[in-house]
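Working notes for the structure below.
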Amino acid sequence: MKDTLLFIPLLFISNLVLPQNPYKGDKCIVKSEFIYQPDEVKFPSCHASTIAEIPGGFITSWFGGTAERNPDVGIWISRYANGKWSKPEEAANGIRENNKRYPCWNPVLYNSGDEILLFYKVGPSPSEWWGELIISNDNGISWSASRRLPENILGPIKNKPVLLKNGILLCPSSSENDGWRVHMEMTPDNGITGTRTLALNDRKIAAIQPA
């Protein structure tokens, strides 16, 4: 009985003192809707979506095509403005100079304040892909030509980078060519140059796509 009497007052005090989170379950969802209908696009499969805030709305991106790993998979975007999503457009693909086409993977949007960065991967598989980047100066209406990231730099693999106080963009990344290994990448100039850490996990602990 003593334990019960002690427990009840402590529980009551904790409910008064500790901040309560009013956003639980469905309360966390502001709005839920489809960006497009199946008959509005030419690709049957999509995956790995990313979103960023822009003035007056949002921009989102994903990779889409016949199926993951197919050469026709490209990077698609849609913009949310005036209460509706724009028709999806292909912002990047894996067509090379020799007209050979590789699949695209895992777009990651980042709003630097001055421009929208769209990192993504190109290559036949996750163990062979490389990082590329396109940039928009008009909130996703138009995009630059694709630029391959520096050697051994893949960019943020799936989740958003974080801007540090010293101006370095810290990109959570990973590789799959020598087991599943997590590492971090740092760029002071939004992907023009970059460095990376050594793997943060050994092969006994398989991990990719850090957040």
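Numbers at a glance
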| read-out | value |
| --- | --- |
| Contact order normalised by residue count of the stretch 156-211, Cα under 8 Å, 6+ apart, percent | 35 percent |
| Hydrodynamic radius (Kirkwood) for the stretch 117-178, which is based on Cα pairs only, to one decimal in Å | 12.7 Å |
| In nm, spacing of pseudo-spin labels at Asn152 and Thr197 (7 Å Cα→C-beta vector) | 1.6 nm |
| Helix 2-17 axis, angle to the chain major axis (alpha carbon atoms, nearest 10°) | 50 degrees |
| Unsatisfied cross-links (Cα-Cα over 24 Å) in the set Lys31/Lys165; Lys121/Lys204; Lys27/Lys84; Lys27/Lys121 | Lys31/Lys165; Lys121/Lys204; Lys27/Lys121 |
| Tensor-based shape of the stretch 156-211 (alpha-carbon gyration tensor, a/c under 1.5 rounded, otherwise prolate or oblate) | prolate |
| Taking only Cα atoms of the chain, radius of gyration then Dmax in Å | 21.3, 81 |
| Cα-centre dipole for the stretch 33-148 with unit charges at Cβ (Lys and Arg positive, Asp and Glu negative), debye to 20 | 300 debye |
| Cα-based radius of gyration of the stretch 18-85 once divided by 2.2 N^0.38 Å, which approximates compact folds | 1.43 |
| Taking the stretch 87-211 and dividing mean pair separation by its residue count, relative contact order in percent (alpha carbons under 8 Å, at least six apart) | 17 percent |
| Centre separation in Å (Cα based) which lies between the stretch 21-87 and the stretch 104-119 | 14 Å |
| Sequence-separation-based contact order of the chain, relative, with Cα cut under 8 Å and 6+ spacing, percent | 11 percent |
| Per-peptide average of other Cβ atoms within 10 Å, ordering 197-209, 98-110 highest first | 98-110, 197-209 |
| Pairs of alpha carbons in the stretch 33-148 whose separation is greater than 18 Å (percent) | 47 percent |
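FYI, it's all coordinate maths here, none of it is from the lab. Everything numeric in this text was worked out from a predicted model, so none of it was measured. Neighbour counts are summed over all protein chains in view; Cβ atoms, including those assigned to glycine, are modelled from backbone coordinates with ideal geometry.
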